[in-house]
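S.K.: Submitted below is the structure of interest, expressed as structure tokens.
Coordinate-derived values only; no laboratory data. Only a predicted model underlies this, so the values are computations on that prediction, with no experimental measurement involved. Backbone-built Cβ (ideal geometry, glycine too); neighbour counts: all protein chains shown.
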Amino acid sequence: MKKLKDPYEVLGVRRDATKEEIREAYRDLIKRYHPDQFHNNPDMKALAEEKIKEVNEAYKYILDHFDDPKESSNSSGDEEIFKMARQKIDSGDYYGAQDLLVKVEDKSKPEWYFLSGLIYFKQGWYDKAESYLKFAHEADPSNKEYEEVYKQCLRAGKMNYDPTGPVNQGGMNEETATCLSCCATLACMDICCHCMGGI
């Protein structure tokens, strides 16, 4: 059976560390070991994924056992913001939802990453959405909503792959749209040449 590591040692914080110190240590480790940084090295990527999982578990454990009335107040405020952000996303007000998410105190919460990723997903920015949704899913793998939306994003990304940006409303990527626009221009020039007496 795998021995559980001391969560405080995993994050590299003192047992009497403040909530902000814990968050800062967590964010630093997430940036340092994010698997996307090792996409050219499968072995390192696998190790990074394990480390991220370990860091997430340690962070969750410490927060679950952290007693701070002031922070509890901030947490309930964040939950209210998340609720309002979801309503704006449902109504299609993505910029309004983003403005709300900026106000969240604890931006390391899986819900913050999920809603941020959902906004990108709804707008067709699948590459950006995938990064946020993946983080949310890995931070809270038991959340079925996170898992389902992440899978939807992966499928949509494969169907509409475009490294330059989102697909347009007609379902075409930017490269296809540019090609069609160019063809239309050439056809128009050909018609004009004939009208002006050209061959």
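S.K.: Once label points are set 7 Å from the Cα along Cα→Cβ at both residue 158 and residue 53, what is their separation, rounded to one decimal in nm?
M.R.: Result: 2.2 nm between the two label points.
S.K.: Given R₀ = 30 Å, what would the calculated FRET efficiency be for residue 148 paired with residue 16, taking r from the Cβ atoms and rounding to 0.05?
M.R.: Between residue 148 and residue 16 the formula returns 0.15.
S.K.: Additional query: Given R₀ = 35 Å, FRET efficiency for residue 90-residue 46 by Cβ-Cβ distance, to 0.05?
M.R.: After rounding, the FRET efficiency stands at 0.40.
S.K.: Can you pull out the trypsin sites (Lys or Arg not before Pro) in segment 15-60 whose DSSP state is coil and whose Cβ has at most 13 other Cβ atoms within 10 Å?
M.R.: 15
S.K.: Okay, next question. Starting from the Cα coordinates of segment 22-122, work out the convex hull volume and express it per residue in Å³.
M.R.: 103 Å³
S.K.: State, to one decimal in nm, how far the label point of residue 32 lies from the label point of residue 127, with both points 7 Å from Cα in the Cβ direction.
M.R.: Output for this residue pair reads 2.8 nm.
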